[in-house]
Structure formats: structure tokens, C-alpha cells
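Everything on this sheet refers to the single structure shown next.
No value in this document is a laboratory result; all are computed from the given coordinates. Quantities reported herein were computed from a predicted structural model and do not represent experimental measurements. Virtual Cβ from ideal backbone geometry, glycine too; neighbours counted across all protein chains shown.
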Amino acid sequence: MSDLRALYGTDKPPEICETITHGDVSLTLQGGALRHIRVNGAEVIRSVAFLVRDRDWGTIAPRLGPVECETAGALRVSIPMRFDTATGRLEVTLSVEITGTGLQVLAQGRATGRFETNRAGFTVLHPIDGVAGAPATVTHPDGTREAGHFPLLIAPWQPFKDIAALEHVARGLHIRCAFVGDVFEMEDQRQWGDASFKTYNRPLALPWPYRLADGETLSQSLEISWQRAAEHANPAEWESPPRNPVFPQMALVLTAEDARSIGEVTEAVRFAGPQRLLCHVDAAVGPVGPQVAAFAALQSVLAEPCYDLELICRFDGAQSPEEELADHARAVADAGLTLSSVFVCPSVDRQSTPPGSEWPDCPPLDRVHLATANAFPDLPRGGGMASFFPELNRKRPPSGMLDFVTHGLCPLVHAADDVSVIETLEAVPHIARSARAIAAGRGYRIGPATIAMRQNPYGSRTIPNPDHDRICMTDDDPRHRGAFGAAYAVGLAAALAPFAADVWTPAAVLGPRGLTGPDGFLPIAHALRALAGSAGQPVHEARIAEDMAILHLGDGTIRANLTPRAQDGLPAFGWGAEGNCGRDG
């Protein structure tokens with residue numbers, strides 16, 4: 001096996017990054033984006049990029065022309081970019097000028113053919129560390145100014161709209177971003193796991209997809225400036241994490257189709273040792289009875305984990321919620337499946353409802369969960385989303401009727417390069433705090449939380465990945481199969497551990513997000529084995545610092561190197577366990 005495949009599950013190398021410095025300013029040029037813009041080593045902007053999204057919100061990777069740089073007082077960079085779709089092409093040239101006090105970026109483009117897109121334009125990412133909860137001032141296109149704050153808990157809707165300029169203080173600097181050429185607004189990207197607030201063009205309330213006509217031109221500009229701040233920004237005050245947390249139980253997600261492979265499932269589950277199986281049953285794709293029967297047959301052989309039901313209900317008007325849930329409960333009883341909990345999610349709620357869109361027809365959630373209580377009266381019951389945190393945040397369940405609240409997680413919604421995927425771990429504490437606030441004292445479960453998506457809430461499909469690339473919104477990411485996947489899982493555990501989740505689901509049993517590959521158990525299976533063995537242990541320490549994930553659980557320690565270089569006694573994306581950490585084999 002090649003070194004690349006061992007690390008990343010693919011022979012394709014990471015995208016090349018070039019570090020550019022100009023006086024006190026440094027940044028990384030990657031894929032046409034300006035990333036990690038720092039002044040005297042302090043990050044002021046996470047990213048500036050010209051991005052194009054397709055009708056399923058997939059990111060269209062640009063073909064880059066030769067990048068030209070020249071220095072004459074200021075540093076000037078020219079970046080030609082070409083975006084291709086099935087029906088058209090958009091050619092854009094970015095002209096960047098960097099000085100000691102700021103940078104300017106001009107994008108000029110022209111469409112050829114019929115170029116369909118959900119978004120084409122600048123995005124600016126503001127880092128979350130030191131920014132969440134900070135004051136900000138927005139200047140609107142009519143010149144009026146509005147004072148506000150970057151949200152502390154994750155905002156379900158856009159924190160700022162109709163932005164001509166945005167000013168805030170961070171890292172001792174007064175930072176100003178000014179936009180020309182379209183209508184800009186901001187979304188709280190922590191919702192999707194991104195460690196950023198994103199200012200982007202074209203409001204979500206406008207129709208999408210839209211078309212740029214043949215020959216249509218596009219022009220946008222962005223100016224970012226900074227100066228030493230006269231005012232002092234007080235750090236935001238977070239609510240303290242729960243006291244004396246213990247490490248959560250682990251679940252692995254399993255479909256009925258995979259459950260029928262009883263031998264493979266039994267071997268994988270007994271190796272990893274999860275406390276629970278999350279049994280996915282989807283009434284929208286077929287009768288519930290045969291799906292439940294597959295789990296009952298497995299349980300007759302593999303009785304030791306708890307079996308939790310993730311039940312996707314049709315709620316399509318053919319039956320009342322009460323009738324449909326009663327039928328599903330009878331199917332469970334008839335199959336003889338013994339459940340430890342049930343989580344119910346309406347099928348339509350797996351798709352996102354963006355700002356400005358109409359909510360799809362669905363019974364009220366309080367009616368759904370009352371019907372669930374009547375159908376499954378003796379089981380702990382959960383609500384939330386089988387998709388991700390944004391959907392939970394925008395459509396919150398009646399937590400007072402529930403025993404736990406849950407949602408999934410995927411780091412591939414907006415970016416798929418290695419650095420961005422690891423950076424999403426910065427956002428996990430923000431998600432956990434916000435989700436616990438929604439749960440309002442009820443239990444909190446998270447998952448499936450895997451690198452790749454099992455279902456795309458933002459489009460009609462997950463993106464196929466036959467070439468084993470690093471792409472957004474795919475259901476099969478090769479890094480899951482390499483050392484990277486194991487390190488990411490340990491990093492996720494370290495980011496989540498202080499927040500007293502009851503259950504986390506970091507993988508499937510089988511399939512592209514599962515535990516096994518052609519050569520046996522994957523690296524992630526070994527890491528999860530150690531983490532599962534630590535369930536219930538006191539969390540003495542859990543942190544990510546200097547690219548290392550560190551967990552001190554009970555009498556043992558688990559560490560992971562989150563970089564492609566050896567450090568602190570661990571190889572690239574390596575992990576290790578010391579002391580009594582359950583089963584680390």
C-alpha cells in the first residue's frame with residue numbers, strides 16, 4: 001500500500017498550498033482561495049474565495065490558469081479561474097493587491113453558454129475564535145449603520161443581511177470588510193461544522209438555481225482593511241460545560257440491508273465493542289415490517305448491544321400520524337425486536353428548508369411526539385433531525401415531550417480539503433453548546449457523525465466519488481479508510497467529550513462509512529475500539545491544541561496527531577493509547 005493510501009485512503013495527494021508573505025502579512029494560496037490571512041501571526045480572516053455552487057449546492061472546483069505575482073510596493077497576484085458545467089462555462093480572473101494594512105480583490109468574469117448556478121461570487125470566512133459573541137457594525141448599501149453582535153450560540157438564520165461593509169474588533173485589530181457588486185449577507189457556518197462565519201453574495205431568499213446568460217459579465221470587488229484597535233474587545237462569556245462529564249456511549253449506525261449480513265455485522269460489532277446500534281428504518285422507501293425483521297434476526301444472534309430505532313416516518317397524509325406510528329409499533333412487536341429507545345423524524349425534515357423558503361407539509365411536531373409516546377409508551381423517545389444541526393436549529397422539537405434530542409454531523413458541506421475537514425473540529429464545541437441549549441436539560445445524542453454524508457439535505461443526491469477524490473457532499477470519502485479517518489474520530493471525541501453527550505455515533509458498521517475494507521478492519525475501527533472501551537469513564541481532560549487531540553479518560557490517555565507530519569511521538573495522522581483505555585487492540 002502506498003504511503004498516500006495509508007494516510008488518506010487514496011493515492012491522490014493533498015492539494016498544494018503556497019504560503020505568501022508580504023511584510024507583516026501572511027496567507028496561504030490554495031485552489032485559488034486566499035486562506036488564513038494573518039497579521040503578525042494573528043489570523044484576521046479565515047478565507048477569501050470566489051466560489052461557484054451547482055444546483056445541489058455542490059462546489060464546482062475551478063480549473064486554475066497560471067498564477068502571476070509581482071511586487072512593487074504592494075504585492076499583486078492574478079489568478080485565472082474557469083468553472084465548467086454541463087451547459088456552460090464561467091471564466092473569472094481574480095486580481096489581488098496586498099499591502100501592510102489590507103487587501104483588495106477584484107473578480108471579473110464572463111459566462112459562455114447557459115451557466116446554471118446556485119451561487120457565483122465572493123465568500124469571506126471570519127474565524128470563530130475570538131469572534132463569536134463579539135460586537136459588529138454593519139453598513140448597509142443606503143449608508144445606514146447597524147450595531148449588532150456575532151452570535152454566541154449558533155444562529156438559525158442569517159445574523160446580518162444587506163451588507164455593504166462589516167466592521168469588528170478581534171486580535172487587537174479593527175477589521176473592516178467592504179463589498180461591491182452584489183447583495184451580501186452572512187450565515188453562521190458553525191451550523192454545518194465549519195469554524196467560520198461566512199459573508200456571501202446573493203441572498204438565499206432569492207430563487208435558485210439561476211442562470212448567467214451567454215456573454216453575461218460579472219464584476220465584484222472586496223476590500224479588507226485592518227488597523228490597531230483603539231477599543232478593547234471583551235471576550236465572550238460561554239456557559240460552563242456540564243460538571244463532571246463522563247465519556248459517552250458509542251453507537252454504530254446500521255441499515256436493514258446491512259443487518260442481513262449477519263456474519264459480517266457480528267464480527268465488526270464484536271471487534272469494535274459499541275454499546276449501541278442505531279437501527280435505521282425508513283418508511284418512505286418501503287414497508288417497515290421487513291426492515292424491522294432484519295434487525296430482529298440480527299438481535300437473535302447479536303444480543304449484547306442496545307438496539308436504538310431511528311424511524312423515518314412518511315407522514316404523507318395517507319394515514320394520520322397516530323395510525324402510521326401505531327402500525328410501526330406493531331411491526332416492531334410482531335418481529336420480536338427489543339428496543340432501547342426510539343427516535344422519530346418526519347421524512348420531509350431530512351431536506352433543509354433554507355431562509356425564505358416555504359416549509360413542506362408536515363404534522364406539527366408536538367402531535368408527532370405525542371403519537372410516538374402512545375405508540376412506544378415504555379421506551380425513551382427522541383426528537384431532532386436525522387440530518388444535521390442546521391435543520392435542528394431551524395425546526396426545534398418540543399424538548400419537554402422528549403427524553404433526548406439528536407442530530408447528525410458531516411464536515412464536507414462547504415469544503416473538502418484536508419485542512420478544512422480538520423478545522424471543523426473547532427466548531428464541534430459550539431454545536432454541542434447550542435444543541436444542549438435546544439435540548440433544555442434533556443439528553444443529547446450526536447450522529448451519525450462521519451466524514452462522508454449518508455444523505456444530502458441540500459440537494460437531490462449525495463455526490464458520487466468514483467475517483468476517490470476529496471469532494472463536498474459525497475457519501476464515500478476515501479479518508480475514512482486511512483489513518484486520517486482514525487485521527488479525525490479521536491479529534492471528534494476530544495472536541496465532544498466535555499459536553500456530556502449521552503451517545504455518539506462516529507461510524508457505520510458496514511459500507512463506505514463502516515469499519516472494514518478489503519484488507520480487514522480499517523484504522524478507524526481500532527481507534528473506535530479504544531474509545532468504545534472508555535465509555536462511562538470520567539473525562540479529566542479533553543482538548544485539541546497545537547494540532548493534537550488529547551483525551552484523559554479515567555486512568556488512560558488517548559492522543560491523535562491531526563497533521564500529515566510526525567509530532568509528539570506520533571506518526572502522521574497517528575493515534576495512541578496509554579494506561580487503561582478499554583480495548584486498544
If amide H atoms are built 1.01 Å from N in the plane of the peptide, which residues on other chains or at least 5 residues away come under 5 Å of the amide H of residue 307? 277, 340
Find the centroid of the Cα atoms in the range 477-555 and in the range 90-111, then give the distance between the two in whole Å. 41 Å
Residues with amide H under 5 Å of residue 170's amide H, sequence separation 5 or more or different chain, H placed in the peptide plane at 1.01 Å from N; which? 175
Work out how much length residue 38 to residue 63 would gain on full extension: take 0.36 nm times their residue separation and subtract the Cα-Cα distance, in nm to one decimal. 6.4 nm
Within the range 249-579, the percent of DSSP beta bridges that are antiparallel, given to the nearest 5, stands at 35 percent
Note, the range 353-360: 3J(HN,Hα) by Karplus (6.51, -1.76, 1.60, θ = phi - 60°), whole Hz, Gly/Pro = x, goes 10, x, x, x, 8, 7, 5, x
Once amide hydrogens are built 1.01 Å from N within the peptide plane, the residues lying 5 or more places from residue 183 or on another chain with amide H under 5 Å from its amide H are 202
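Charges only on Cβ, +1 for Lys and Arg, -1 for Asp and Glu: so what's the dipole of the range 2-152 about the Cα centre, in debye to the nearest 20? Don't skip to the end; give the middle numbers.
Numbers: 15 positive and 17 negative charges, 74 e Å.
The calculation lands at about 360 debye.
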If you fit an axis through the alpha-carbon atoms of helix 321-335 and take the longest principal axis of the Cα set of the chain, what angle between them do you get, 0 to 90°, nearest 10? 50 degrees
In whole percent, what relative contact order does the chain give with Cα contacts below 8 Å and a gap of six or more residues? 12 percent
Roughly how far apart, in whole Å, are the Cα centres of the range 1-69 and the range 113-174? 22 Å
Measure nothing fancy, just the Cα-based angle from helix 288-301's long axis to the longest principal axis of the chain, in degrees from 0 to 90, nearest 10. 70 degrees
Taking the alpha-carbon centroid of each part, what is the distance from the range 214-271 to the range 389-448 in angstrom? 7 Å
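Compute for the range 249-579: radius of gyration divided by Kirkwood radius, i.e. Rg/Rh, restricted to C-alpha atoms, rounded to two decimals.
Numbers: Rg = 19.1 Å, Rh = 20.1 Å.
Looking at the range 249-579, the ratio lands at 0.95.
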Place a point 7 Å from the Cα of residue 24 along the Cα-to-Cβ direction; which residues of the range 55-95 have their backbone N under 17 Å from it? 74-75
Whole-Hz Karplus ³J(HN,Hα) for the range 66-79, in order, using 6.51 cos²θ - 1.76 cosθ + 1.60 and θ = phi - 60°, x for Gly and Pro? x, 7, 10, 10, 8, 10, 8, x, 8, 9, 10, 10, 10, 10
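Would you work out the charge dipole size for the chain about its Cα centre, treating the Cβ of every Lys and Arg as +1 and the Cβ of every Asp and Glu as -1, and quote it to the nearest 20 debye? Walk me through the numbers before you get to the answer.
On the way: 50 positive and 69 negative charges, 57 e Å.
Dipole size: approximately 280 debye.
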Out of [x] 146; [y] 174; [z] 156, which label holds the value of volume of the Cα convex hull per residue in Å³ that was computed here? [z]
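Express as a percent, rounded to the nearest 5, the fraction of DSSP beta bridges in the chain (both residues included) that run antiparallel. Each step should come with its number before you reach the end.
Details: 120 of 156 bridges.
For the chain, the DSSP antiparallel bridge percentage is about 75.
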Can you give the helix-only mean residue ellipticity at 222 nm for the chain, where every DSSP H stretch with n ≥ 4 adds -39500 (n - 2.57) and the sum goes over all residues, rounded to the nearest 500 deg cm²/dmol? -5500 deg cm²/dmol
